[in-house]
Amino acid sequence: MAGRLVNALGSSALAAEAFSDFATLRHMLRFEAALAQAAADAGLIPKKFAPVIVKACDPALYDPASLAEAARRTATLTVPVVKALADEVAKRDADAAGYVHWGATSQDVIDTAMVLQLGEALPPIVKELDRIVAAFAALARKHRRTPTLGRTLLQPATPLALGQKIAGWASDVSRAARRLEASFAETQIVQFGGASGSLSALGDKAEPVMVALAKRLGLGLPPAPWFTQRVRVAALAQDAALVAGALAKAARDISLMMQVEVGEAAEPSGPGRGGSSTMPHKRNPVGAALVLSAAARAPLLAATIVAALPQEHERALGGWQAEWPTLAALIEALGSAVQAMDEVAAGLTIDPDAMQANMDATEGAVLAERATFLLAEKMGKQKAGKLVEEALAKGGSFVEALGQLGKELSDEAALLGYSPKFVDRLLAELKRK
């Protein structure tokens with residue numbers, strides 16, 4: 001993993017901590033401690049040895065750097081961790097050391113640790129997503145009838161309610177968050193299959209050990225080991241990327257609205273926030289930048305995990321080994337995006353006067369569609385279209401060029417069309433979720 005300085009813009013502190021060296025060892029050793037207790041309860045190992053093994057499962061007793069170096073010689077972190085654990089147990093009781101890692105295999109430890117790390121990292125992220133949705137919903141409600149330029153192909157289009165744009169952000173973030181919540185729940189299962197998935201080393205005690213292990217770790221017990229059935233992990237990865245993308249849609253719009261030439265919105269300010277190393281006048285959209293950065297990385301990280309799905313036979317070579325670091329990077333990127341947008345959504349300010357000024361700057365040209373339909377009621381669409389084109393070609397004020405439609409075109413309720421009702425519908429949908 002990159003150092004904290006390199007990754008400062010790539011992860012939230014909470015997500016980074018969930019995948020830190022200490023957390024990784026803590027979760028791997030949680031598995032080993034729970035396994036020793038479950039095996040002792042089932043009578044597979046002497047009960048007196050379980051507390052000895054549990055006591056040695058303290059992550060502070062181990063050196064991550066030496067374990068990482070040793071892992072490259074066996075292509076799995078579990079081998080050096082189990083050896084170090086057995087050595088630590090032997091210091092306390094030489095006989096107990098022989099019962100470390102009883103009946104388990106390397107992937108049992110790695111996959112379960114990964115699942116436990118997800119359980120630490122994702123619930124706070126989901127809570128932050130709920131706050132983002134609520135903040136956007138409140139802002140949409142406030143601006144249910146605030147007119148703003150619609151923009152298509154980056155050019156001025158017909159006006160709509162600003163609330164519809166913001167409620168649209170909320171709707172997609174909420175939809176993606178619910179998908180992530182569901183796929184996360186599916187990952188919260190223990191991995192325990194032994195050498196090749198049969199748990200033959202445990203004999204007729206396999207069932208009670210499996211049940212006790214899952215219970216001690218607070219995880220579900222799947223129907224069978226999932227060594228090479230990785231759809232749960234891939235689905236989670238895809239849904240994490242979807243959340244990042246949904247947040248990035250809002251971030252892209254906000255950053256464009258923050259351009260000085262547009263001036264319609266602003267991220268929250270504060271000491272040092274959005275500053276430049278050389279230009280004191282700058283107020284950069286830093287929250288949007290962090291979200292867009294994460295969204296640029298997330299799809300490719302998710303694609304790596306999907307690409308690893310075709311895994312050989314009962315346990316694979318290279319496929320599952322590619323997942324753990326990739327998933328960690330993906331969840332860290334997601335955590336960065338969510339943390340950044342949480343701050344932006346809560347403090348986003350809107351300038352309705354700037355929005356009106358930007359509409360006015362088109363000199364009524366954005367009303368051309370409405371003018372066409374108003375005239376079409378009297379002369380047919382073809383003639384109306386020709387008249388509107390002639391008025392636009394004159395330049396200057398489009399409304400003045402048409403003259404007789406000035407009153408109708410200035411009707412704000414008609415100008416916004418169904419847009420305020422779309423705001424209501426989007427917000428009502430959010431309440432149902």
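The values are calculated or read from the model by the stated rules, or taken from the named source; none is laboratory data. Worth saying up front: this structure is predicted, and the values here are computed from it rather than measured. Note: ideal-geometry Cβ built from the backbone for every residue, glycine included; neighbour counts use all protein chains shown.
General observations
- Any hit, region 308-320, residues being assigned by TED's automatic domain parsing to the domain that holds Thr105, part of a helix (DSSP H, G or I) and modelled with pLDDT of 95 or more: no
- Candidates are the residues of region 333-353 that are β-branched (Val, Ile, Thr) and more than 23 Å from Ala15 (Cα to Cα); the one that is farthest from the chain's Cα centre (by Cα) is Ile350.
- Candidates are the residues of region 298-325 that are within 20 Å of the chain's Cα centre (by Cα) and surrounded by 20 or more Cβ atoms within 10 Å (Cβ to Cβ); the one that is nearest to Ala246 (Cα to Cα) is Ala298.
One line per residue, one yes/no per condition, for (1) surrounded by fewer than 20 Cβ atoms within 10 Å (Cβ to Cβ); (2) of a type in the set (Ser, Thr, Tyr); (3) more than 25 Å from the chain's Cα centre (by Cα); (4) part of a helix (DSSP H, G or I):
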| residue | (1), (2), (3), (4) |
| --- | --- |
| Val126 | yes, no, no, yes |
| Leu129 | no, no, no, yes |
| Val133 | no, no, no, yes |
| Ala140 | no, no, no, yes |
| Arg145 | yes, no, yes, no |
| Pro156 | yes, no, yes, no |
| Ala167 | no, no, no, yes |
| Leu180 | no, no, no, yes |
| Ser183 | no, yes, no, yes |
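- Residues in region 34-68 that are surrounded by fewer than 18 Cβ atoms within 10 Å (Cβ to Cβ), over 36 Å from the mean Cα position of the chain (by Cα) and not in a helix (DSSP H, G or I): Gly43, Pro46.
- Annotation: of all residues in region 1-27 being aliphatic (A, V, I, L, M) and modelled with pLDDT of 80 or more, the one that is farthest from Val291 (Cα to Cα) is Leu25.
- Residue among Thr78, Thr74, Thr24 that alone is closer than 30 Å to Gly287 by Cβ, of a type in the set (S, T, N, Q) and in the same structural domain as Asp204 (by TED's automatic domain parsing): Thr24
- Failed item, numbered, when Glu120 is tested on (1) out of contact with any His (no Cβ under 9 Å at 6 or more places or on another chain); (2) among the charged types (D, E, K, R); (3) closer than 26 Å to Val233 by Cβ: (1)
- When the criteria are applied in full, Lys249 fails the requirement of being without any contact (Cβ under 8 Å) to a residue 24 or more places away in the chain and not in a loop (DSSP other than H, G, I, E, B).
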